[in-house]
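Where a number appears in this text, it was derived from the coordinates with a stated rule and is not lab data. All values derive from a computational prediction rather than experimental measurement. All Cβ positions, glycine included, derive from the backbone under ideal geometry; neighbour counts span all protein chains shown.
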């Protein structure tokens, strides 16, 4: 069972790792349009774990602020998180409201 915390549809980073291994898709959601700072792109993105059937999703939250989604403010932050989860590439949106799926190669789908 994934490690859930206070937010009804929230999941910790460790819980997200477990869901990914069970075959969940990770979607990157763009909250604010990114902008180039001269050195890197900054903006606001959230991460969601979507079930294999697409019927449910959980948002990544922080341990400190368990009632709010975890905001990732740089592209480097998203890449670091997803590579740390075992992805070999990252697909992310660059416009507010956009969503892009990422699926880990070789993840095990749930067994019924």
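Residue ranges 17-30, 91-104 sort as 17-30, 91-104 when ordered by packing (mean number of other C-beta atoms within 10 Å per residue, highest first).
Taking each residue as 0.36 nm, the span from residue 79 to residue 94 lengthens on full extension beyond its C-alpha to C-alpha distance by 4.0 nm.
With the Cα gyration tensor of the range 9-112 giving a ≥ b ≥ c as the square roots of its eigenvalues, does the rule (a/c under 1.5 for rounded; else a/b larger than b/c for prolate; else oblate) give rounded, prolate or oblate? Prolate shape, in that a/c is at least 1.5 and a/b is the bigger ratio.
In this label model, residue 42 and residue 67 are separated by 2.8 nm, measuring between points 7 Å along each Cα→Cβ vector.
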